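Right, one structure below, let's go through it.
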Amino acid sequence: MPDASADWPVFAPEGWLANPHVQSLMTSGPWRKLAVRRRAREFLSRSQPEVIRAADGTRLLGYRNQPQRTHPGRREALVILLHGWEGSVDSNYLLSSAVALDAAGFETFRLNFRDHGESHHLNPGLFHSCLLSEVVDVVGQVRRAHAGRPAFLAGFSLGGNFALRVARSAQEHGFDLDRAIAVSPVIRPRHVLDALEQGWTVYHRYFVRKWRRSLKIKQALYPHEYRLDEWFRLRGLRAQTEWLVDHFTEFPNLDDYLEGYSVAGDYLRGLQTPTLIITAADDPIIPVRDIHALPEVSTLDIELLESGGHCGFIENWGMDSWIEKRLIGEICRHLKN
């Protein structure tokens, strides 16, 4: 647990709020969306869209926010934010964090992965989780445009997995990050797939529904490239993933694809960027055994909380988020040091 003397409060939800499913569902639920959107209205009016072309020609869509010039605590520091699978730059957890960072005086850049948010039209190729190079390249471009000033990277869920992989790849791609923070990151994808299939069906249905919507958009935009009627007849995430791996990737099988974006085993031993993982032992999607199995690495700190669910960390029934305070506290602590 965090030190009570630090720049953020201890996360200690009570009653029903301590339930991992309550935490996980509240963070992305429609009841929270209204509050987040209301708080983000002025922030969104200042968001500047940017389409950035990676070295391989892929185009990714992001949104930049500069803190207002009149902000008394304006900081010359950038925070790049990465969302989870089938989320977007406007997902509750990401948008709410960006608004909090903006209020604290930070410049933010929210990046959509390929085929997430309003970006399906930008690339004919389908998104999959092993497409790391385009994300590394675009994060590098955003960071280099901020050269000479501190830059941080924060990701949630699959975005946390990407943040860990970008942090490991940054120096060999010619840029640095002052610190990377991964919230509830995917560690070993095949274990996440197992958890979704064997756990509460609400999560499985949630991701199936969002993935079907995304691929319907892609098929409508590129009808000659994607004939997905057979895929839409499949019902489970495993069968759906395996079909797409077989038809639209170069991976020989599902297991090789899932291991292709794993950060388990010795992967993080090559990590040079100072990095922090924040996650909960009761996460219903990320098995805690995957966190315990990570190697000890001098550049990696792990903060394992007793509760919080998956990307939850909701403090009260007013939908206030502890993770926002934690991100700001961690970044400010790093800047002070």
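The values are calculated or read from the model by the stated rules, or taken from the named source; none is laboratory data. Just so it is clear, the model here is predicted, and its values are computed rather than measured. Positions of Cβ are backbone-derived with ideal geometry, glycine not excepted, and every protein chain shown enters the neighbour counts.
Numbers below:
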read-out	value
Tyr203 vs. criteria aromatic (Phe, Trp, Tyr) and touching a helix residue (DSSP H, G or I) at 6+ places or on another chain (Cβ under 6 Å)	yes
Residue count for region 205-222, restricted to those that are assigned to a helix (DSSP H, G or I), aromatic (Phe, Trp, Tyr) and in contact (Cβ under 8 Å) with a residue 40 or more places away in the chain	2
Among residues of region 52-102, those that are closer than 26 Å to Ser28 by Cα and either polar (S, T, N, Q) or under 19 Å from the mean Cα position of the chain (by Cα) (or both), counted	32
In region 308-321, the residues that are outside any loop (DSSP other than H, G, I, E, B) and surrounded by fewer than 23 Cβ atoms within 10 Å (Cβ to Cβ)	none
Condition check for His83: closer than 20 Å to Ala170 by Cα, in contact (Cβ under 8 Å) with a residue 60 or more places away in the chain and either among the acidic types (Asp, Glu) or in contact with a Lys or Arg (Cβ under 9 Å, 6 or more places away or on another chain) (or both)	yes
Lone unmet requirement of (1) at positive phi; (2) touching a helix residue (DSSP H, G or I) at 6+ places or on another chain (Cβ under 9 Å); (3) not hydrophobic (A, V, I, L, M, F, W, C) for Gly148	(2)
Some residue of region 162-169 being in a loop (DSSP other than H, G, I, E, B) and either modelled with pLDDT under 95 or touching a Pro at 6+ places or on another chain (Cβ under 7 Å) (or both)	no
Residue, surrounded by the fewest Cβ atoms within 10 Å (Cβ to Cβ), within region 89-119, restricted to residues that are of a type in the set (D, E, K, R) and closer than 25 Å to Ala147 by Cβ	Glu107
Criterion: out of contact with any Lys or Arg (no Cβ under 9 Å at 6 or more places or on another chain), closer than 14 Å to Ala54 by Cβ and of a type in the set (A, V, I, L, M, F, W, C) - qualifying residue of Val166, Val138, Val142, Val186	Val166
